[in-house]
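Asks: Here it is, the structure, as structure tokens.
The values are calculated or read from the model by the stated rules, or taken from the named source; none is laboratory data. Here the structure is a predicted model, which is why all the values come from computation and not from measurement. Heads up, the Cβs are rebuilt from the backbone with ideal geometry, glycines too, and the neighbour counts pull from every protein chain shown. Just the protein is used for accessible areas: all its heavy atoms, side chains included, with ligands, DNA and RNA removed. Shrake-Rupley method; radii C 1.70, N 1.55, O 1.52, S 1.80 Å.
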Amino acid sequence: MADKYVGRRVKRTEDPRLIKGLAHYVDDIKLPDTLHVAFVRSIYAHARINNVDVSEALNVPGVVAVYTGKDVADKVGPVPCASALPDLKVPDHRVLAKDKVYFVGHPIAAVVATDRYAARDAVDLVMVDYDDLPAVVDVEQAAAGSTVIHESFGDNIAYKMSSGEGDIEAALSSADKVIKQRILHRRLAPIAMEPRGVLARYYPGEEELTVWSSTQIPHLLRTQLALMIGIPENKLRVITPEVGGGFGSKLNVYPEEALLGWISMQLGKPVKWIETRRENIQATIHGRGQVGDIEIACKNDGTLLGLRYNVIADLGAYHQLLTPAIPTLTGLMLSGAYKIPAIQINITACFTNKMATDAYRGAGRPEATYVVERALDLVAAELGVDPAEVRRKNFPAANEFPFHTATGLDYDSGDYEAALNKAQQIVDYKTLREEQKRLRAEGRLIGVGVSTYVEICALGPSQAMPAGGWESATVRIEPTGKVTILTGASPHGQGQETSFAQIAADELGVDLNDVTVIHGDTGVVQYGIGTFGSRATAVGGTAVLVAIQKLKAKASKIAAHILQTDATRLSFEGGKYSLEKAAASAAGASEPVVPVGEAPAAALPEPETNGRTSLTIQEIALAAHLAKELPPDTEPGLSATYFFEPKNFTFPFGTHIVVVEVDRETGDIKFLRYVAVDDCGKVINPMLVDGQLHGGICQSIGQAMYEEVVYDEQGQLVSGTLMDYALPRASHVPNFELDRTETPSPVNPLGIKGVGEAGTIGATPAIVGAIVDALSPFGVKHLDMPIKPETIWKAINTSH
Amino acid sequence: MKVEGVQHIDAPRAKVYQLLVDPVGLSRFIPGCEQLERTGDNTFAATLKAGVGSIKGTFKSTVKLEDLRPNEHFRMVVDGKGAPGFVKGSGDLDLSDEDVGTSVKYSGDIQVGGTIASVGQRMIQATAKMMAVQFFTSLERDAKPSGDTSSAPPPNFFRRALSWISGWLREFFRKR
Amino acid sequence: MKKAINVTVNGVGHNDEVEPRMLLVHYLRDVLGLTGTHVGCETSLCGACTVLLDGQAVKSCTMFSVQADGASVKTIEGFASNGDLHPVQEGFWERHGLQCGYCTPGMIVSAAQLLDRNANPSREEICHGLEGNLCRCTGYQHIIEAVEYAAKKAAG
Amino acid sequence: MIPAQFDYQVPQSLEEAIRLLAQDPDSIKVLAGGHSLIPAMKLRLAQPQLLVDIGRIKSLSYIKEEGDQILIGATTTHYELESSELLKSICPLLPACAKSIGDVQVRNKGTIGGSLAHSDPAGDWPAAALALNAEMVIVGPGLERVVKAADFFVDLLTTDLKPGEILREIRIKKPTGRFCHAYQKVPHPASGFAVVGVAVNLVLNGAGDCEAATIGITGVGTKAYRANGVETALTGRALDAATIEVAAEHACDGVDANSDLYASSEYRCQLARVHTRRAIEAAVATR
């Protein structure tokens, strides 16, 4: 116990089960007599349903039932949307389509059978009679709206909203330069490697329903499912087993989750549905999906005066849980890492005949960062100055924090220039630029991209969140001395079983292996919010810390009572409470503490106290459970629960510098360097932080160069499998050179800022900036993502 | 998807037109057409076994001929549905005389939905092109004045080759 | 319609009657209960279902179980022996080569195959050898380091 | 993910396979490595009634030299071709092509015969088969015939194989004299299929000039093709940079190039020209 765990590269405690193939994801859970569900989904983007004929499907041996929209319309409540924006239009989103389908993949009927094979066979035999309608695919046409998707609304505009501070008109009119650019943020598919899946089991006698779901939010899901299905919330248990990635796509409440629960209640048997990858691309939320126009106003010396962003957001056909909120997050982060006195965002959010957009890693903030960083690059190009220098010029200084932005936020802490300096030093920026000049003269297309981002994390104060922004933890020391942590966060790859155990082991002075972190089971864990928005460690980890502090307050009282002293005279170190020296000699005791291991675990002996000068936390736990020597008015047991409500968001930041070379004949892009200096506040486990950054940057590479959900003009999703939707592979990513600065957040006692989304937020503008820089000899100022080789080839060949 | 082109047919215009609007002719030209029945004035029900290589699907289709101007123009509207998805299309075919034979100008729109749209995009355009070639090869074979069939591909080649996306392909050809 | 098959999986022989259309991955997961082998894409591209078939890495989703009749299959569950992790498993743990863990079994099997054929691979060779496996969490860097670790470890 | 039902037979010999296939050539499919067929079946784009698995006929898997020929059994896997020391020394184009196919798992199981018979417009083997003037040995009920690669690939996913026939062997004339090979490919970032693949086989005379050139290109059109224009422009010339560059300009002559989400037809042609040049340069560099 000499070394603290926090701050070290501690190997993950969750790994052994995962690397041995012994972990359980939803589809790995086998219950006897389980029925299997397969969905009939719309093959049209927009159509009227005249009839759904299930008779042939019911004849397939093994098929137990087929449910259509008509069957469930008044049985299962609508899919919820948690965003309460003023004047938001909310379509009635039923779990199965009844009269109309609104997007390709829209569920129409659920086939239930004794095995997956029969269910799948029967899907082909459900005859849906459609009259197809014109599809609204292009979001700008949706805004203009000749075809109205939800007829009762009269148009396709879900809401309009403007926000921002400062006089944007004055800024634009008084500026030396106003630069305009249209920017597209194309739709992306989150593609967690484990598709979604649900297993539901209803016990008719006990009237209890258990739903296993691959979700990021077990408790929020429980509440919503209870409302949808009409089962008392305390009769519903949601279990989140191992979850194979989420990236926001499982921060939601989906029709299938409610429907499976309801079907299990109808049939009295377990039912299971495992999403196929095609269903995943069609009917799990998409990310991004904005068309925006920026105007940035600056002085000739590069000082920024104002930024306006007019954006049309493509919401898809329905709201999912947070759909309408995502563009508003874009608005919040439009100040980036800069002092911009006037900012305005004008959002027009529209329905289209596509799957809903919602939170995908970064959720609205990558769009903002991308917009601001592209704008800074455009300013630099216009003024003929180095992009790093334009950024430096507009940073708030380290002593200006908390820094108030014109978007209404107060950035907690930061030293943006320090991160920029460090990154520049690592790449040897000056030499790099000289080298670029030299190689350019030889005809080689080298580009350097710089992004100095700031993001908003640790979501968040409840005032700013649709369903609570706090997080909960219970810490319990069992009679045998083992430490149990119940967290309301729901990690699915981030490694909080380890990082929370690190926090607890240090605070309690116990061995890491004596700590078990339990999550994702509403039957076991107190209500929690979940894992998203880079919040689990900053908010949930703080809850763990404070719960431990609460627990220790009680433990010290018990210790003082047993040691017949006053709690203020005890010190806690190395896992034990000891009388301070003076007090100890006064008590005349000199016996060393009995090591914990020597106490026979099975016998639960009474603690020896006579003449003792110290007690381990485990001995106190035992005493607390035996309850024979407790101070007056003390509850037995040793556990504490804390719900941590943060006062503010946190604002991690950093600098990414990317060097690429472009092949002028083919447009191929080769990474030469990838350097990232990120500041996520205090670091619990550097290895996990690096992993989060690598993954985020990799997804950014996907967004910048490969990924796009493509609907054709009729609303068919034509990038419908991983044959066409390209995820980065090992050979597509460079060697990442990571470093850090560490500016603690004042928002939580651990000083943590969060890092889950940083890579996805900081990287895209740097990559695009590098590519555009490489093409600057051809007069290229901006390219929209994904920048495929052909995009580059065309850019080179149209500029001549 | 837009499909357009001009095809030269080595036969007189009247004959080409007659073949194109005749159900017997159509059923021979449309790749994979197994059955074509008249259901009304210029309206037909067809079963198309469409596919390429091992990739096959059966489409129940309706075919409508509209805007008929003998020997000059007609429009074909096709709507086919099957397990792999649907194919819809409409196209205009304009015939004009050439020094020798007839020029058929076609221009239409094809819409594909369902599995073939979500997984087949890599080959959809190529399949469309292939189907077009097959359609006109068959038309030319039938339209040629002589009975020279030596250059015609064997029938099972067509069966095999024309299938999958032929649904929509056919449709747009018909449209023209 | 069902066919009798005999497959040795992780050293244990199994005789079963299966429908021809049952994919090997479903046989392993649903019949034998070896759920460490995962399904991630349905188009034979993600590699989560990778197992060794007679010593060669294959995608168990792109094979019918009837095709494995008479063969010897090794799944992720067969990699640790007597509680000792395979060097590749150890590398993944030491170097944080996994996050959500879903692609990990397939990734480990492919990496083991890679080192089997090339004991001392370069970064480029590692990337080439892992071309059939997608990971959405790690950005691959720690996976590459895990394979390097395993190579070093195996070399002693 | 779940194919439609089918029956499955394992013939012990090629003759038995042909007999099985003859029952109903239209609804019976031959299964070898399965890496073209099974993905289509999982999506239910292919729904054969019966699969005849020739993957267990041991006599169909081999790589051998016989006289002036290299004989390759149809069920030889890509990996066996990739790792063949014999081929690396006598016909390096084959291992080079094999190495670029799909990924390790696909190469371990997929077969050259299956790939050629499927004739995917973006498959790699057709380009190499064309460049090497391979001959396809085809067996059907009571007959065996040999078809040249140039006649074998008929159209999109369509070969000269008739229903009821099976590709048994690929024969390649052993390269002799001074020759050089290269395979250059642009893989699709998602599927790994060739957006463009160029297989180059050059025969040089004593002076190092091009005596003969055969070049196969895949990924561009509805089927792989011989780049005749390039071959003509190289033949009889010194292989200097200017000659190669001019020759490569003919890579797409007469070809109606494909267009998809990843690459337009114009860009595909550009890639074909550039990579034809680079493949020729790479081949020349090996000599």
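Asks: Give the ranking of A:Lys4, D:Lys42 by solvent-accessible surface, highest area first, calculated with a 1.4 Å probe.
Replies: A:Lys4, D:Lys42
Asks: Treating only the Cβ atoms of Lys and Arg (+1) and Asp and Glu (-1) as charged, compute the dipole magnitude of the range A:368-409 about its Cα centre; round to the nearest 20 debye.
Replies: 80 debye
Asks: Can you give the FRET efficiency to the nearest 0.05 for D:Leu86 and A:Thr114, using r as the Cβ-Cβ distance and R₀ = 56 Å?
Replies: Approximately 0.60, to the nearest 0.05.
Asks: In addition: Counting every Cα pair in the range D:178-285, what percent are over 25 Å apart? Please list the in-between numbers first.
Replies: Numbers: 985 of 5778 pairs.
Here the long-distance tail beyond 25 Å is 17 percent of all Cα pairs in the range D:178-285.
Asks: What spacing in nm lies between the two simple spin-label points modelled at A:Leu22 and A:Arg8, each 7 Å away from Cα in the Cβ direction?
Replies: A separation of 2.4 nm, rounded to one decimal place.
Asks: So which lysines pass the test for A:Lys4, namely a Cα distance under 26 Å, with those fewer than 8 places away in the same chain ruled out?
Replies: A:Lys482, A:Lys550, A:Lys552, A:Lys554, A:Lys557, A:Lys576, A:Lys581, A:Lys682, A:Lys753
Asks: With Cβ to Cβ distances under 15 Å as the rule, what net charge do the other residues near D:Val139 carry (K, R +1; D, E -1)?
Replies: After counting each charged neighbour, the total is -2.
Asks: Per-residue mean of other chain beta-carbon atoms within 10 angstrom of the beta-carbon, peptide C:57-68?
Replies: Working: counts 8, 8, 10, 1, 4, 12, 7, 9, 0, 6, 11, 0.
Per residue, the number of nearby Cβ atoms from other chains is 6 on average.
Asks: Can I ask one more? Where the accessible area of chain D is counted over protein heavy atoms with a 1.4 Å probe, how much of it, in %, is carbon and sulfur?
Replies: About 48 percent, which is the carbon plus sulfur part of the accessible surface.
Asks: Now, a different point. Can you give the accessible area of D:Lys174 in Å² (nearest 10), computed on protein heavy atoms with a 1.4 Å probe?
Replies: Surface accessible to solvent at D:Lys174 totals approximately 50 Å².
Asks: Treating the beta-carbon of each Lys and Arg as +1 and of each Asp and Glu as -1, no other charges, what is the dipole magnitude of the range D:1-148 about its Cα centre, to the nearest 20 debye?
Replies: Working: 13 positive and 17 negative charges, 67 e Å.
Here the range D:1-148 has a charge dipole of around 320 debye.
Asks: Rg (Å, one decimal) plus Dmax (Å, integer) for the alpha carbons of chain D?
Replies: When restricted to Cα atoms, chain D yields Rg and Dmax of 18.8, 61 Å.
Asks: If packing is taken as the mean number of other Cβ atoms within 10 Å per residue, what is the order of D:263-273, A:86-96, highest first?
Replies: Output ranking for D:263-273, A:86-96: D:263-273, A:86-96.
Asks: While we're on this one: Say the dipole of chain A comes from +1 at the beta carbon of Lys and Arg and -1 at that of Asp and Glu; which of A:Ser83, A:Asn353, A:Leu750 then lies farthest toward its positive end?
Replies: The listed residue farthest towards the positive side: A:Leu750.
Asks: In sequence order, what are the phi-derived ³J(HN,Hα) couplings for the range A:153-167 according to the Karplus relation 6.51 cos²θ - 1.76 cosθ + 1.60 with θ = phi - 60°, rounded to whole Hz, with x for glycine and proline?
Replies: Those phi angles translate into 7, x, 8, 9, 8, 6, 6, 10, 8, 10, 8, x, 10, x, 8 Hz.
Asks: I would also like to ask the following. Mind checking which lysines have their Cα closer than 17 Å to the Cα of A:Lys11? Skip sequence neighbours fewer than 8 apart in that chain.
Replies: List returned: A:Lys20.
Asks: Under a Cβ-Cβ cut-off of 9 Å, what is the net charge of the residues other than D:Asn205 that fall near it, where Lys and Arg count +1 and Asp and Glu count -1? Could the numbers behind the result be given before it?
Replies: Working: positive: D:Arg178; negative: D:Asp209, D:Glu211.
For residues surrounding D:Asn205, the net value is -1.
Asks: Please give the average number of partner chain Cβ atoms lying within 10 Å of the Cβ of each residue in A:529-535, rounded to a whole number.
Replies: Neighbouring Cβ atoms belonging to other protein chains average 0 per residue here.
Asks: Roughly how many Å² of C:Leu32 are accessible to a 1.4 Å probe, to the nearest 10?
Replies: Taking all protein chains as shown, C:Leu32 has close to 40 Å².
Asks: What is the mean number of Cβ atoms from other protein chains located within 10 Å of the Cβ atom of each residue in peptide C:141-147, rounded to a whole number?
Replies: Mean inter-chain Cβ contacts per residue within 10 Å come to 4.
Asks: Using the Kirkwood radius built from alpha carbon pairs, what does the Stokes-Einstein equation give as D for the range D:88-163 at 10 °C and 1.306 mPa s, in µm² per second? Walk me through the numbers before you get to the answer.
Replies: Values: Rh = 13.2 Å.
After rounding, the answer is 120 µm²/s.
Asks: To the nearest Å, what is the center-to-center distance of the range B:42-82 and the range A:639-674, using C-alpha atoms only?
Replies: Each part reduced to its Cα centre gives a spacing of 52 Å.
Asks: Would chain A count as rounded, prolate or oblate if I go by the C-alpha gyration tensor, calling it rounded below 1.5 in a/c and otherwise prolate when a/b exceeds b/c, oblate otherwise?
Replies: Verdict is oblate for chain A.
Asks: How compact and how long is the protein assembly as shown, expressed as Rg and Dmax of its alpha-carbon atoms in Å?
Replies: 33.3, 124
Asks: Based on the mean of other Cβ atoms within 10 Å per residue, sort peptides A:33-43, A:192-202, A:507-517, A:322-332 so the most packed one is first.
Replies: Taking the mean over residues of other Cβ atoms within 10 Å, the ranking is A:192-202, A:322-332, A:33-43, A:507-517.
Asks: Another question about this same structure. Lys/Arg Cβ at +1, Asp/Glu Cβ at -1, dipole of chain A taken about the Cα centre: which of A:Leu570, A:Thr650, A:Tyr25 is farthest positive-ward?
Replies: A:Leu570
Asks: Would you calculate, for chain D, the mean residue ellipticity at 222 nm contributed by helices, counting each DSSP H stretch of 4 or more residues as -39,500 (n - 2.57) and dividing by all residues, to the nearest 500?
Replies: So the calculated ellipticity at 222 nm is -8500 deg cm²/dmol.
Asks: Now for a separate question. Probe 1.4 Å, all protein chains in place: accessible area of C:Met22 in Å², nearest 10?
Replies: About 30 Å², rounded to the nearest 10.
Asks: A follow-up question, please. Exceeding 20 Å between C-alpha atoms, which entries from my cross-link table qualify? They are A:Lys670/D:Lys185; B:Lys15/B:Lys81; C:Lys59/D:Lys88; A:Lys177/A:Lys430.
Replies: Among A:Lys670/D:Lys185; B:Lys15/B:Lys81; C:Lys59/D:Lys88; A:Lys177/A:Lys430, the Cα-Cα distance tops 20 Å for B:Lys15/B:Lys81; C:Lys59/D:Lys88; A:Lys177/A:Lys430.
Asks: I've got another one for you. If the only charges are +1 at each Lys and Arg Cβ and -1 at each Asp and Glu Cβ, what is the size of the charge dipole of the protein assembly as shown around the Cα centre, to the nearest 20 debye?
Replies: 860 debye
Asks: Once amide H atoms are placed 1.01 Å from N in the peptide plane, what residues at a sequence separation of 5 or more from A:Ile752, or on another chain, have their amide H within under 5 Å of its amide H?
Replies: A:Lys682, A:Ser745
Asks: I've got another one for you. List the lysines whose alpha-carbon lies under 23 Å from that of A:Lys70, not counting same-chain residues fewer than 8 positions away?
Replies: Partners found: A:Lys98, A:Lys100, A:Lys269, A:Lys272, A:Lys354.
Asks: May I pose another question? Positive end of the dipole of the range D:7-53, charges at C-beta (+1 Lys, Arg; -1 Asp, Glu), about the Cα centre: which of D:Ala40, D:Val30, D:Ser13 has its Cα farthest in that direction?
Replies: D:Ala40
Asks: Same structure again: Restricting to bridges with both residues inside the range A:231-358, how much of the DSSP beta-bridge set is antiparallel, in percent to the nearest 5?
Replies: Among the beta bridges of the range A:231-358, antiparallel pairing accounts for roughly 45 percent.
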